[in-house]
Every structure is written in C-alpha cells, then in structure tokens.
Amino acid sequence: MMNDENIPPLRGIKVLDLSQAYSAPLCGMMLGDMGADVIKIERLQGEAMRYGRAAGMDDLDKGKGEKNDASVFLAVNRSKRSLVVDIKQEEGKEIMLKLAGHADVFIENFRPGVMDHLGLGYERVCELNPQIIYASLTGWGDKGPLAHRIGGDMWAQAMGGVVSRQGSVDGPPSLSGIAFVDQGTAGIMAFGIMVALFVRQRSGVGQYMSVNLLHSLLHMESTEVSEYLIDGRLVTKIGRGLPPHVVAPPAGVYPAKDGDVVTIFGTGKQWPIFCNILGVQHLENDPRFTTDDLRIEHREQLYSILDQAFAKKTRIKWQQLFKEAKLRCDPCLNYEELFAHPQVEANEMLTSLMHPVRGSIKMVNAPIKFSKTRPMPCIPPPLLGEHSKEILLELGYSELQINELIRKEIIKVYR
C-alpha cells in the first residue's frame, strides 16, 4: 500500500490537451507533473512546435523528415500521453467526444468559435459531461474587436506596454528575450483550472473558464500599471534598472570585465560610497549627479561613465568590493553558469528523464515543493502517436477497429 506522500496530488484527474505552441501546453504539463493523466491531442502531421516552428507558420512537408522533436516542444510537453487523431473527420470527432465524456479537464487554445465549428465547443462537450472544466486560452479574450486575431507572446508584449518600457530613453525598441507572457499565462491558466476543480468538488458543477495573454500580462504588470492607473504617471523607456522614481541611478546593469553585473545600490547617502568603490570619486560632487533627481535627469551620461569603470574589474571582484562596503553587486549569469551553480542543485531545480529517441534529457523540475506529497515528472515528452493505441484500447476500441482507423488515416500510431 502506498503512503499518501507518494501519491501524486492530481492522480485520477484526466485532462484532454488540444492545445499547441507554448502557453496552454505548458499548463497541461504542469497538471501532468502533479499526477494528472494528460492526453495530448495532435493532428496526423504533428503540431508545428515538434519541428521548432511557430503555430500556423509551419511547412508540414518539411516536418516529415525530422528525426528529433525540437527542444522547445520537449520543454512543455512532458508528463503527457500522445493521441494523434484527425478531429475534422466524423470518426475522429467521435473519439474526441468519447474521451470528453470521461474527462475532468478540457484544454484548448484556438481562436473563439473554432472549437464550436469543429463540433467540440463547450456547449457540445457540456451536454455529454456537465462536470467538465473546459479551459480556453486566447490572445485577447472572448469578446471585443481583437477577439478573433491570432495571439502570441510578442504581440502581447507590444500591445501590453512591455516594449514601451524597455531600453534606454534614446535607444531602439526591444522585446523581452524570454517568452514570459506565454509562460506566465500557463501558470495563471493552471491556477484557474485548480480553482474550478475545487468549486466542482464542493458543488459538483463544472464550468467554462477562459484566460487570455493580454489580461494575464496586465496581471503580471500589476505594480507597473498601477503607476498609471492610480498615480496617473506614464512611465516609458526606464533604462537599465527599475523605474527611476522607485530606484534612481546608478542602480542598473553594467558590463564587467568578464560579464555583466547588477546592483540597486548607490542612491541617496550611498552615492559617495558607490563612487569610492568604483574609483570615480570625481563624480561625487559633479553638478550633474549630486542628487537622485539629477542622476535620473542625466542617467544616460552617468551610465556611459560607469560602463567604463565597471569594465575594469571582474564580476567576482566587484562582488567582493561591494560586500566589503556593505552593499551588493551580483553577477548576471548565462545558462551555462546558472546550471553549474550549487543553488540549483541544492534545491533540485532540474530533473532528468529518459527520452526514447534522445536518451537522457535534462529539464526544469516542477517549481512547487510540498511537505507531504511529491510531484514527480516521470513521463518524457511523447513521440507523435506514441500512446494512440493504448488510449483507444482504454476507450473500448478493439484491435480490429484501431487498425481500421489507422488504415483510414483517422488516427496515427508511432511505429
């Protein structure tokens, strides 16, 4: 008999994941990591992400010769089983409706109306299974003039104000190098699903729920947008650090001799100490920089001077000098340095899974730890159609019926 500690928290929850690309698939993976039985539904060719291509921008013929699934696909699709089925054909739709009749959660990220057109919208699924949690992710929301436009991380960053705040005042515009909108929205979607499951546990009632990238981004920007919504302050192009009215320069990121460093110190009464550490004592009484307000006004000139000063020493030397002055200056790590850091190992931030094609692969571990249960990603990202036969057998299809579905190209199995 298993101890409660070894029972995955979401064991017994069945999830149908009809999503593609980054955000919603990552949500499905999060539920799978916690023990849910997540069935990833794909078209016969496989989704574009398997071949490292953005959804809707793929050339399907080029994907057929690929030997390995792309790392970006692997990153958000572990802890799932793969079923490949053509849901545009009636027999494929029938398979989906049978699965939905016994599922707890249905995840999709098509534009509004697409699932209804396919005969797999919430109203149809709810007729079969009133207790289902039907979770939909869109770019812009279910309503409004942009509802039917394709969404995406970069589009959300642009519309959601991120680009307007990035970079130096006179510098070029830029996107974040991390798809944080997609990946942050996955967590919000998973939270919504768990709340809906909790409500169902208490009331027995399932429901439709939706999230969208733009609204999720606004939630992630709650403190930043409050500057405008509450104080009426429009902040744009904040430079290298936090907004200047929060932490004034010289707080920011600088190039050291062997990489970059970041500090939020040197403001107010710390300014003379900062100048002494950097060996730029002549700046202490420079009329351009004597107060926080003046350093904000002339921050681009200040950054240029400090770049040259920071470039004279290594990151570890700057850490040492700042620490001796009871201030702080930390290195900016690249991924090679990050994953060699003992802090990552001490907190089990990585895990390894045995992939049937790639062999042992390292992945980011589930980011939540419990004292009495242990989520454990144990299923590697599935090969295309790897579990199609297994899942249909569980639905009650016979070997003969499955072979006929394969022949008619309703489903596909991995060979």
Q) Of (1) assigned to a loop (DSSP other than H, G, I, E, B); (2) in contact with a His (Cβ under 8 Å, 6 or more places away or on another chain); (3) not charged (D, E, K, R), residue 361 satisfies all except one. Which? A) (1)
Q.
Please pick out the residue among 104, 116 that is of a type in the set (D, E, K, R) and buried (at least 19 other Cβ atoms within 10 Å of the Cβ).
A. 104
Q. Is it true that residue 238 is within 29 Å of residue 222 (Cβ to Cβ) and not acidic (Asp, Glu)?
A. yes
**Q.** The one condition in (1) over 28 Å from the mean Cα position of the chain (by Cα); (2) crowded, with 18+ Cβ neighbours inside 10 Å; (3) more than 21 Å from residue 167 (Cβ to Cβ); (4) of a type in the set (A, V, I, L, M) that residue 213 fails to fulfil
**A.** (1)
(Q) Of everything in region 165-191, what is part of a helix (DSSP H, G or I) and at pLDDT below 95? Give them in sequence order. (A) 165
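Taking region 194-209 as the search range and keeping residues that are of a type outside the set (S, T, N, Q) and not in a helix (DSSP H, G or I), which one is nearest to the chain's Cα centre (by Cα)?
Residue satisfying both the conditions and the ranking: 209.
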Q) Going by the conditions given, is residue 260 part of a loop (DSSP other than H, G, I, E, B) and farther than 22 Å from residue 122 by Cα? A) no
Q. Of all residues in region 212-244, which are in a strand (DSSP E or B) and outside the structural domain of residue 192 (by TED's automatic domain parsing)?
A. 239
Q.
For region 337-394, give me the residue count where each residue is small (Gly, Ala, Ser), in contact (Cβ under 8 Å) with a residue 12 or more places away in the chain and not assigned by TED's automatic domain parsing to the domain that holds residue 68.
A. 1
Q: Filter region 289-316 down to the residues that are more than 20 Å from residue 267 (Cβ to Cβ) and in contact (Cβ under 8 Å) with a residue 12 or more places away in the chain, then identify the one that is surrounded by the most Cβ atoms within 10 Å (Cβ to Cβ).
A: 315
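The values are calculated or read from the model by the stated rules, or taken from the named source; none is laboratory data. Only a predicted model underlies this, so the values are computations on that prediction, with no experimental measurement involved. Virtual Cβ from ideal backbone geometry, glycine too; neighbours counted across all protein chains shown.
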